[in-house]
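As structure tokens, the structure follows; a few thoughts come after it.
The values are calculated or read from the model by the stated rules, or taken from the named source; none is laboratory data. This one's a predicted model, so the numbers in the text were calculated from it and none came from an experiment. All Cβ positions, even for glycine, are placed from backbone atoms using ideal geometry, and neighbour counts span all protein chains on display.
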Amino acid sequence: MKRPSTKGEPVHQRGIALLIFVIVLVLASLTYFLSGLSVEDIKLHQKKTTVQSLQQAKQALLAYAATYSELDADGDGNADFPGEFGFLPCPDYNNGLAEGLEDNGNCGATAISKLGYLPWRTLGIAPFKDEGGACLLYAVSGEYKNDESAAPTNKSLMLNEDSNGMFQVANVANIPVAGINPDERLVAIIFSPGESLPGQARDVTAGTLCNKEYILNPGDFSAYLDAAGLVNNSNLQGGADTLDAFLHAISGSDQLAAPYNDTFVTITRRELWGAVISRPDFSVNADSVMRRQTQALAMCLAAYGNNSVNRKLPRPVDIDFAGGDYRVDGNYSDSAAASFLGRYPHTVDDSDTILAGNAPNGAQSTLFDKGFCDALAVPGGLDINLNTGIEAEGYMLWKNWKDHFFYAVSDYYAPTGAADTGAPSCNGDGSNCLKVGLTEYAAVVIYAGSRVGINTRNESVAGDVDTKNNLTNYLEVINPSIVSGNGDYTPTDNDIMFCIEDTNLLSVVSCP
């Protein structure tokens, strides 16, 4: 019997038959493959995928912090935050914008921590989901959040490598198990909410990638993050400089009477600033940002002396703020007391008063705004502008690292109403001028590098003991003197120093 002819059979029917055959073959193969997998295998694979998502999100946040000073969010070709380092994005909270964008309009007041969805679009990553199908959530410590929503900004008044996080990991009794010491606290946490637990009803908003729970219940993440014992992962304290604790799931915790299954990865202060400090900006080479900044600050002081009638320099700021906030610019005010070593001054009204008519631009008490610190020609880059009115890069760098900059003035060059007797004025025996190496100088400006050994630099917030008031936690110089205008400031470790020479006009050189 002859086989029926297919000569007249349409081509698309033969194609469909072939496609069906391929599908059947693939399904058969898949069925064979899946038959070798248990439910536990599948769950293990999902957990591995979740861990990978959490780690990728963490690396994206670290990269954001490390490159923050170069971000161009508005696309105008210019960096939006020059002179600022280490900030993290606000969460995606409830801004009416596209999913995955940080919410600068609803990020809370200064120093208040915030919880929301991970701003994956801002970070330039995919909207990662965990094994429960939920998008990742994210909490950021108040000091570290990028919030430009207010005028003035709601950002921290000072953020640098010594800024502590406000998060801890605790057990169900709310006893901290990680982040116990102030300098070990966490600056951010990325959450995997996991499968929904009894009592967690997760509403789905049509057309969204992450359900956008907050569209229906703004600020309420209790359908995703768990509460057990004395810890509630979905509820932050809400106050400035307030500690928050979070509970991490352990084996079997999802089966307890009060179950919890939140898992998360953390970002420590050390991890974040390790990424930032590795930038060349913080090296000791001639063109590094911190080295040029230190030189600019010394040049600003020299200009003060050169513009005063009797060639005198201002006094420094007290090292110990005695309960005052080290983050506030206005607290960096010079002291009328006879101190010769302290932090770099923001305002110099006391020195101006002592100098009376000899003070340069005495009507303006802010050193940076006196008119001679706007365009400092520092080698290795563009002029540095310290003017506070336009929040220039130089000023923003000082603002965020102001607790790291120190200044010592010689006895002869400390402010006085007496006339200058001419230059040079150091007498050579070290009795009225400070020394670096074998040379006497009118003054010295010091950038204190990263803390070493067991030194701590904690501010007196959140019940912490003030250790910023201890000079030895910052400087590694031989024999500095607070009570007399001399002393040996020869560096011994990781500080950057520029000296103001005893010349007329006062000039700035790299210290030996």
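So here's what we get for this one:
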quantity	calculated
Selection from the stretch 404-447 of residues that are hydrophobic (A, V, I, L, M, F, W, C), touching an Asp or Glu at 6+ places or on another chain (Cβ under 8 Å) and in a strand (DSSP E or B)	L434, V436, I446
Residues that are among the aliphatic types (A, V, I, L, M), assigned to a loop (DSSP other than H, G, I, E, B) and either in the same structural domain as F87 (by TED's automatic domain parsing) or surrounded by 17 or more Cβ atoms within 10 Å (Cβ to Cβ) (or both), drawn from the stretch 350-403	A359, V378, L386, A392
Identity of the residue in the stretch 278-313, β-branched (V, I, T) and surrounded by fewer than 24 Cβ atoms within 10 Å (Cβ to Cβ), that ends up farthest from Y447 (Cα to Cα)	V309
Residues located in the stretch 314-355, provided they are closer than 18 Å to C373 by Cβ and over 23 Å from the mean Cα position of the chain (by Cα)	P314, R315, P316, V317, S333, D334, T347, V348, D349, S351, D352, L355
The stretch 288-302 residues that are in the same structural domain as M396 (by TED's automatic domain parsing), paired with ones that are in a helix (DSSP H, G or I) and among the small types (G, A, S) (beta carbon under 6 Å, 6 or more apart)	A296/G394
Close pairs (7 angstrom Cβ cut-off, 6 or more residues apart or separate chains): on the phi < 0 side of the Ramachandran plot and touching a residue at least 12 places away in the same chain (Cβ under 8 Å) in the stretch 178-189, of a type in the set (A, V, I, L, M, F, W, C) and surrounded by fewer than 21 Cβ atoms within 10 Å (Cβ to Cβ) anywhere	A178/V169
Residue in the stretch 137-158 that is assigned to a loop (DSSP other than H, G, I, E, B), assigned by TED's automatic domain parsing to the domain that holds A60 and in contact with a Pro (Cβ under 6 Å, 6 or more places away or on another chain) present	no
Any hit, the stretch 122-137, residues being closer than 30 Å to V328 by Cα and small (G, A, S)	no
Complete set of residues in the stretch 175-186 that are among the small types (G, A, S) and either part of a loop (DSSP other than H, G, I, E, B) or crowded, with 24+ Cβ neighbours inside 10 Å (or both)	G179
Single condition I189 does not satisfy, out of (1) among the aliphatic types (A, V, I, L, M); (2) surrounded by fewer than 20 Cβ atoms within 10 Å (Cβ to Cβ); (3) at pLDDT 80 or above	(2)
Hits in the stretch 115-137 - residues which are crowded, with 21+ Cβ neighbours inside 10 Å, touching a strand residue (DSSP E or B) at 6+ places or on another chain (Cβ under 6 Å) and not aliphatic (A, V, I, L, M)	G116, Y117, P119, T122, D130, C135
Boolean, A63 is assigned by TED's automatic domain parsing to the domain that holds A151, assigned to a helix (DSSP H, G or I), at pLDDT 60 or above and surrounded by fewer than 19 Cβ atoms within 10 Å (Cβ to Cβ)	yes
Lone qualifier among G100, G105, G124, G133 - being assigned by TED's automatic domain parsing to the domain that holds W273, farther than 18 Å from D241 by Cα and in contact with a Pro (Cβ under 7 Å, 6 or more places away or on another chain)	G100
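Yes/no per residue for (1) under 21 Å from R311 (Cβ atoms); (2) crowded, with 17+ Cβ neighbours inside 10 Å; (3) of a type outside the set (G, A, S):
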| residue | (1), (2), (3) |
| --- | --- |
| V444 | yes, yes, yes |
| R457 | no, yes, yes |
| E476 | no, no, yes |
| P491 | no, yes, yes |
| L505 | yes, no, yes |
